[in-house]
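Just below is one structure, and these are the notes that go with it.
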Amino acid sequence: MKTKRKPVALFCMFILIVPLLAGCWDRLEIEERAVVLGISIDTASPGEESQEQEVSHLRGKYPVPTRELIRVAVQIALPGKIPLGPGGGEGEEGGEGGGAPGAGQTVWIIDVVGHTIDDALMNLQQQISSRLFYGHLRVIVVSEEMGRRGLENINDFLRRNSEVRRTAWMLISGGKAIDLMKATPQLKRIPTLYLLATLDDAVKLGKFPNDFVGIFWSNSSKHGQEAFLPYVKLMKEQNIEIYGLAYFRNDKMVGVTKPFEIAGYMGIKGIRTSGYRGFVRADGPEKTVTVYATSRKSKMNVEIRNGKPHFIVSVMTEIDVEEKLSESFQIGHSDVLKEIEKENKKGLIKTYGDLIRKTQEKGSDIFGFGEYIRAKKPLYWNEHVRTKERWQETYKNATFEIRVTTRVRRIGMKAT
C-alpha cells in the first residue's frame, strides 16, 4: 500500500513545482524598456496638424476624431545615467531638457501630437525602439486649458492602463505643461522626482491634502462629491509653486482657489497637519500677530430646512502665537489672548464661508457634503437627489452655518 502512495505523492509534487519553474517566461530586461517617469499634456497650437504622423490613419481615407489635437511629452529615464546615491558620477549635472540625450543628462524628453492621448503615445512608440513602460510613471501634468476642456479621455486611458500606479500625482499647470517637464530644478537631478517630492513634502508639511490620482478618480466617481487637483505654476528659478486647488465639476476644471484657501479646505475637512501661518490683528496695525494652527478637528451635521439641506460645520483649532509685530504689544495677558482668539475665529469663519460659496457657484462639492447626506439622510437623497447632476444643482442652494472654536495653546517668539 505504501509503495502505491509514493508515486502518487511524487506526481503531486511534480504538478506543484512545474508552474514555479515558468516564473520568468515573459521577462523583459530593463534595458529593453523605455521607462516613462512623467507625462505632460497640452493643447496643440494652430497649424501643427502637419506634424501628426500617419500611424493610426491615412489622411483622407480613414476618419479621425473631430476633437482638436493635443501635444503629449514624455520624460524617459536614460539607462545608466541616474545615480543611485548622493555622490558624484554620471548624470550628476542634472536632468536638462529635451532633444537628443547628451552628456550630463539623466532624462530624455520627447513630444508628439495626436488626436487622443493613446493616439499620441502610439505616434511616440513609432519613434522609439524600446517599449514604453509606465510602471514608474510618477507625475502627469495637464495644462489648465486642457483641464477646462475636460479630462475624460485622459482619465479613461490612464485608468485602463494596468501599469499606471494609483499613487502617481496628477497636476494642473498654470502655463504650458511641457515647461514643467523641461524644468531644471537645483534640488533634484531628475525633474519629475522634484515634482514628486514637492507634492509629497507638501502633504507632510501640511501645505496640501493627500490627493493621489487614485483618490482623484475615486472622488470623481462619487455621486455626492467632486474632485480636485493641485494647481501649480513654474517660477522664474525653475521652482514649483503650489498655487491652489483646481476644483472640478465632473471631468472639467471649473475654478482655482488661492494658496491660503488650501488651509481653509483642510480646516473644513479636519485635516490635523497644518503648514500655513496667518496674521491676526487684535486691535489696530500695531497689535498684529502671526498665528499657526497646531491641531484641528471638524464635525459635520445636516438638517433639512424648507426642503433644502442645511449643514452645520463645526471646526475646533488650537493655535500658537509665533510672532508679534510690535515691541510695545504685550500678549501675556489673558484679555489679549482672548482678543486674539476672537479675531482668529472671525477670520476663519469668513475664510471657510467664502470658500464654500466659491465652490457652490460652480456646483463643485469638493468637500463631500453630498456623500454625508447619502449616509445620514438616505430618504431625502433617494426622493429629491438620486443623481450626481441633481446634487450639483442642489449644492448651489444648500445653506451653511460655520461654527469655529479656537484656543491659544502657547506663545512663541517676537519680531526683532
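Numbers for the structure displayed
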{"read-out": "Proxy reagent accessibility, fewest Cβ within 10 Å first, across Met266, Met13, Met316, Met253", "value": "Met13, Met316, Met266, Met253"}
{"read-out": "Long-range HN-HN contacts of Met170 with modeled amide H, under 5 Å", "value": "Ile140, Val213"}
{"read-out": "Region 219-273, dipole about Cα centre (Lys/Arg Cβ +1, Asp/Glu Cβ -1), debye to the nearest 20", "value": "100 debye"}
{"read-out": "Label-to-label distance, nm, for residues given as Met316 and Ile411 (7 Å Cα→Cβ offset)", "value": "2.5 nm"}
{"read-out": "Cβ-based exposure ranking for Leu10, Leu37, Leu20, Leu132, in which fewest neighbours within 10 Å come first", "value": "Leu20, Leu10, Leu132, Leu37"}
{"read-out": "Region 160-304: C-alpha gyration tensor shape, a/c 1.5 cut-off, then a/b vs b/c", "value": "oblate"}
{"read-out": "Two-decimal Rg to Rh for region 259-411 - Kirkwood Rh, Cα set", "value": "1.07"}
{"read-out": "Ranked Thr406, Thr192, criterion: other C-beta atoms within 10 Å, fewest first", "value": "Thr406, Thr192"}
{"read-out": "Estimated FRET transfer efficiency (Lys350, Met122; beta-carbon r; R0 56 Å; 0.05)", "value": "0.65"}
{"read-out": "In Hz, Karplus ³J(HN,Hα) per residue of region 250-267 (6.51, -1.76, 1.60; θ = phi - 60°; x = Gly, Pro)", "value": "6, 9, 10, 6, 10, x, 9, 8, 8, x, 5, 6, 4, 4, x, 4, 5, x"}
{"read-out": "Convex hull volume per residue in cubic angstrom - Cα atoms of region 221-286", "value": "166 Å³"}
{"read-out": "For Lys377, distant residues with modelled amide H under 5 Å away", "value": "none"}
{"read-out": "Only Lys, Arg (+1) and Asp, Glu (-1) charged, at Cβ; region 321-383 dipole about Cα centre in debye", "value": "380 debye"}
{"read-out": "Sites Ile15 and Phe157 - FRET efficiency at Förster radius 45 Å, r taken between beta-carbons, to 0.05", "value": "0.65"}
{"read-out": "Distance histogram for region 241-326 (every C-alpha pair counted, 5 angstrom bins, percent rounded to whole numbers)", "value": "3, 12, 15, 15, 19, 17, 10, 6, 3, 1, 0"}
{"read-out": "Chain lengthening between Asp200 and Ser334 when straightened (0.36 nm per residue, less Cα-Cα)", "value": "44.3 nm"}
{"read-out": "Radius 12 Å from Cβ of Trp381, net charge of other residues (Lys, Arg +1; Asp, Glu -1)", "value": "+4"}
{"read-out": "Karplus (6.51, -1.76, 1.60) ³J(HN,Hα), θ = phi - 60°, over region 164-176, in Hz, Gly and Pro reported as x", "value": "6, 6, 6, 9, 6, 10, 10, 10, 10, 9, x, x, 5"}
{"read-out": "Residues with amide H under 5 Å from that of Gly255, placed H, sequence gap 5 or more", "value": "Tyr247"}
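Readers should treat all values here as calculations from the given coordinates under stated rules, not as data from a laboratory. Everything numeric in this text was worked out from a predicted model, so none of it was measured. Here Cβ is always computed from backbone atoms with ideal geometry, including for glycine, and neighbour counts include all displayed protein chains.
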